[in-house]
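The values are calculated or read from the model by the stated rules, or taken from the named source; none is laboratory data. All of these numbers come straight from a predicted model, not from anything done at the bench. Backbone-built Cβ (ideal geometry, glycine too); neighbour counts: all protein chains shown.
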Amino acid sequence: MIPMVNLKAQYADIKDEIEQGLARTLADCSFILGPNVQAFEQEAADYLGVKHAIGVASGTDALHLALAAEGIGARDEVITTAFTFIATAEAICYLGAKPVFVDIDPKTFNIDPLAIEGAITAKTKAVMPVHLFGQPADMARIEQLCARHNLKLIEDCAQSFGAKINGRQTGSIGHAAGFSFFPSKNLGAFGDGGLVVTQSDETAAKVKRLRNHGSDVRYYHDVIGYNSRLDEMQAVVLRTKLKWIDHYNQARRSRAQRYSQLLADLPLLTPSEDGLGEHVYHQYTLLCERRDDILTALQDRQIACAIYYPVPLHKQNVFKAAYADIQLPVTEQVAAHCLSLPICPALADDSIEHIAGVIRNVLTA
Ligand SMILES: *Cc1c(COP(=O)(O)O)cnc(C)c1O
């Protein structure tokens, strides 16, 4: 059995430090916005090269609160991708704003800057690129067009912790960004967690207020807020894992290179790095006409694999009536042929060879 991510192996390496930290928190009984959340926020801000990092309850909340703090509201349009996890669009909808889905680049699967330009209307308030599967979107062009059209740039960094582009961390480029610490993400907690980052003092102050019932001073409430704090226990886990993140991401990159080497001559498209940024391979996702045959063969051999994402957002039941008139041919084509293989720092080389061998058998038999 080969899983998509081997969290047990990762835990074994860092077990002692995490268990000591958790034991201290249990002894202190300081569970909400305690010393570890504060320390993690500072450590994450330093790592990411941003002025502020604010821990929240999930990646979905991070995007929601980032958009809210940047002033996105009812009837505003936010241009984003349909080839992503639903949370990208949910965060926009929570505010009464409308996700405007545009097409993606066929090689990187990231939002196409030219398509963004074509979708801008008088109602457009923000652009939300997703650094999908760990590869940074084309931020130089997106940043430029946001500046030219006076739009907010909010990055969905749920899959890109530690990915860099032009020497800058994803999350440090836009007006604000949201990260997820869902357990299987590159930097994962032992439950839900998220982070908003920003260079703006004003945005940071708003997010801090929003995550804690609209309050700066206890029992004095300035706005309607939420209960969306990063848990102290999760902060303990994240502080330990943050020390390892470069090692984890490097291990993912080298495993991805190994797959691509082994699969290079087959009739499929291995993930392409656009050379603009550093891909951190949250997923290793290939394209193949015979995707479903490969999927069956891997599953028959107890090898996990997954289709991220089988149904683009504009075709989801929740959205399809409202978006019946749009076509995103590249998105639809990619969704029909993509397949993600197991990838994580603990994935052994013989497992990669085995998986590549199964795929080779399917495509050359
Ligand atoms: C995981 C994910 C989210 C949401 O994060 P949660 O922590 O699960 O709420 C948002 N966007 C993308 C692209 C994701 O992969």
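Residues of segment 25-42 include at least one that is more than 22 Å from the chain's Cα centre (by Cα), more than 27 Å from Ala256 (Cβ to Cβ), of a type in the set (Gly, Ala, Ser) and in a helix (DSSP H, G or I). In segment 40-66, the residue that is nearest to the ligand (Cβ to nearest atom) out of those that are β-branched (Val, Ile, Thr) and surrounded by fewer than 24 Cβ atoms within 10 Å (Cβ to Cβ) is Thr60. If the condition is being at pLDDT 95 or above, hydrophobic (A, V, I, L, M, F, W, C) and outside any helix (DSSP H, G or I), then segment 189-217 contributes Ala189, Phe190, Leu195, Val196, Val197. Residues in segment 175-188 that are crowded, with 21+ Cβ neighbours inside 10 Å, within 8 Å of the ligand (Cβ to nearest atom) and part of a loop (DSSP other than H, G, I, E, B): Phe181, Lys185. Within segment 156-164, one or more residues are surrounded by fewer than 20 Cβ atoms within 10 Å (Cβ to Cβ) and either more than 10 Å from the ligand (Cβ to nearest atom) or of a type in the set (Val, Ile, Thr) (or both). Restricting the first member to segment 50-64 and to residues that are modelled with pLDDT of 95 or more, and the second to residues that are of a type in the set (Lys, Arg), the beta-carbon pairs closer than 7 Å and six or more apart or on different chains are Ile54/Lys208; Ile54/Arg211; Gly55/Arg229; Val56/Arg211; Val56/Arg229; Ala57/Arg229. Restricted to segment 5-20, and to residues there that are away from the ligand (no atom under 16 Å from the Cβ) and buried (at least 17 other Cβ atoms within 10 Å of the Cβ), the residue that is farthest from the chain's Cα centre (by Cα) is Ile18. Scanning segment 294-308 for residues that are under 15 Å from Ile343 (Cα atoms) and either in contact with a Ser or Thr (Cβ under 9 Å, 6 or more places away or on another chain) or free of Cβ contacts under 8 Å to residues at least 40 places away in the same chain (or both) yields Ile303, Cys305, Ala306, Ile307, Tyr308.
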